[in-house]
Ligand code: SF4
């Protein structure tokens with residue numbers, strides 16, 4: 001019998017590669033001597049959906065993941081994008097009835113959520129049940145492991161997680177713990193009654209960082225050792241019926257964490273024809289000040305980095321066990337000196353070769369360094385992902401972005417010179433951002449278009465973890481309507497017209513990005529580009 005089974009429920013997201021959460025927990029539990037298995041039920045559900053799906057945009061070709069991978073190198077980018085969008089939308093429609101009810105993001109309007117009713121929005125519960133019964137997980141679940149964990153990394157995963165918890169609770173006498181980024185928000189923002197309803201589906205929630213909590217919880221339920229009161233980062237219903245939240249934040253020592261374990265992941269189920277893994281070289285954000293940041297304050301501060309030697313040792317050991325060819329660094333942003341140290345370590349290590357990688361960076365004068373960026377390129381850096389949000393100096397200061405326009409252009413030039421692709425994130429609808437401000441951002445993007453490969457434009461949405469929500473008047477926010485997740489704001493006393501901003505976004509900004517940057521599905525474009533350069537393992 002396994003000690004723990006870790007699961008990730010379907011959420012209608014089409015994945016190219018495994019996510020980071022379960023492999024990190026598996027690595028840590030194995031290091032502590034536990035028998036553990038992980039199953040990504042989302043990707044299994046997607047494969048079930050795709051098997052035999054007839055593609056409209058390709059005149060009735062019958063699809064599967066392996067067929068998609070074959071087509072990946074045959075089709076041109078536009079056709080591939082159209083195909084991807086079709087299967088993504090069709091998959092979504094098989095999981096949910098109503099699109100508008102699935103994005104329960106970050107606390108706003110949550111007082112109206114009825115936990116039990118969330119399950120009503122799941123469309124085909126028989127298909128969800130079959131995914132569980134036909135997955136490898138079922139064999140282990142029948143043996144009644146002492147603990148089952150669900151990772152919830154996205155709001156859309158919540159309903160299917162509850163559905164599976166209900167099935168498991170009704171048929172097995174075993175304990176269930178919820179974890180993952182989204183589970184932390186449940187603890188922060190659901191009220192007592194809602195949490196009480198939630199505990200009809202699970203026994204506890206490990207919020208914030210989960211490794212130590214999950215290890216101690218496994219020992220508690222497996223051997224009866226320890227007690228819930230002493231397990232950090234835990235929320236549960238006490239015997240007396242009260243909700244207990246351990247509010248002190250236990251931070252993992254990142255240097256001592258085991259390397260993520262991907263050994264029982266079936267990479268063939270994912271869409272990427274190249275084997276990709278996520279890896280986190282640090283926790284927390286070294287900057288932590290962006291006023292629009294919707295990561296909870298505790299999680300975006302408390303920065304800790306792994307030593308460059310540990311990073312490369314981990315990556316080499318994962319590659320020896322799981323044969324990946326691509327790494328995506330999932331740090332909020334790699335700190336500039338840490339970036340240099342990691343690149344130096346890659347360069348020194350004879351075993352780190354033929355690997356391609358991408359990462360998120362905050363632009364900085366540190367990267368105006370041709371030697372550094374060319375060394376990064378030589379050691380596999382293919383794509384750098386950066387948040388610019390706006391080029392407007394007033395707004396950059398107000399949102400506490402901490403970057404300046406000179407470094408934006410300087411960094412982009414050096415990345416381009418070294419043939420590293422760039423994905424730039426922009427925001428529209430920031431508090432106090434005027435129509436004129438937005439049009440100037442568009443002009444600046446056009447001016448820099450030779451230096452930027454892809455642009456991802458997101459509409460700003462106010463959420464509870466942001467500094468803007470805590471101190472709205474500092475950001476020209478006049479009033480917040482939580483129920484509708486809307487706010488009114490001004491610039492120099494003049495109220496911003498929401499309809500005008502939305503109109504510019506939809507009819508000018510997005511069409512401009514589609515035209516200039518050909519940005520539909522970034523990952524597809526990125527992989528295809530690498531694939532055509534022969535980056536296959
Ligand atoms: S937006 Fe990114 S860089 Fe800014 S504080 Fe949040 S995690 Fe850090």
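Within segment 391-424, the set of residues being within 16 Å of the ligand (Cβ to nearest atom) and surrounded by fewer than 18 Cβ atoms within 10 Å (Cβ to Cβ) comprises 397, 400, 402, 404, 407. Specify which of the listed residues (324, 332) is within 16 Å of the ligand (Cβ to nearest atom), surrounded by 16 or more Cβ atoms within 10 Å (Cβ to Cβ) and either at pLDDT below 95 or in a loop (DSSP other than H, G, I, E, B) (or both). None of the others qualify; the one that does is 332.
Comparison of 356, 378 shows that the only residue that is away from the ligand (no atom under 16 Å from the Cβ) and either free of Cβ contacts under 8 Å to residues at least 24 places away in the same chain or surrounded by 16 or more Cβ atoms within 10 Å (Cβ to Cβ) (or both) is 356. Against the test of being within 16 Å of the ligand (Cβ to nearest atom) and either surrounded by fewer than 20 Cβ atoms within 10 Å (Cβ to Cβ) or in the same structural domain as residue 426 (by TED's automatic domain parsing) (or both), the options 296, 266 yield a single qualifying residue, 296. Right, residue 305: touching a helix residue (DSSP H, G or I) at 6+ places or on another chain (Cβ under 6 Å) and within 16 Å of the ligand (Cβ to nearest atom) or not? The answer is yes for residue 305.
For residue 275, the conditions (1) closer than 14 Å to residue 357 by Cα; (2) modelled with pLDDT of 95 or more all hold with the exception of (2). From the list 246, 250, which one is without any contact (Cβ under 8 Å) to a residue 40 or more places away in the chain and more than 16 Å from the ligand (Cβ to nearest atom)? None of the others qualify; the one that does is 246.
The conditions of being within 16 Å of the ligand (Cβ to nearest atom), modelled with pLDDT of 95 or more, within 24 Å of the chain's Cα centre (by Cα) and more than 30 Å from residue 188 (Cβ to Cβ) are not met by residue 427.
Out of segment 299-321, which residues are surrounded by fewer than 21 Cβ atoms within 10 Å (Cβ to Cβ) and in a strand (DSSP E or B)? Answer for segment 299-321, where residues must be surrounded by fewer than 21 Cβ atoms within 10 Å (Cβ to Cβ) and in a strand (DSSP E or B): just 304.
The values are calculated or read from the model by the stated rules, or taken from the named source; none is laboratory data. Computed from a prediction, not measured in an experiment: that's the story for all the values here. Don't worry about glycine lacking a Cβ; one is built from the backbone with ideal geometry, like all the others, and counts go over all protein chains shown.
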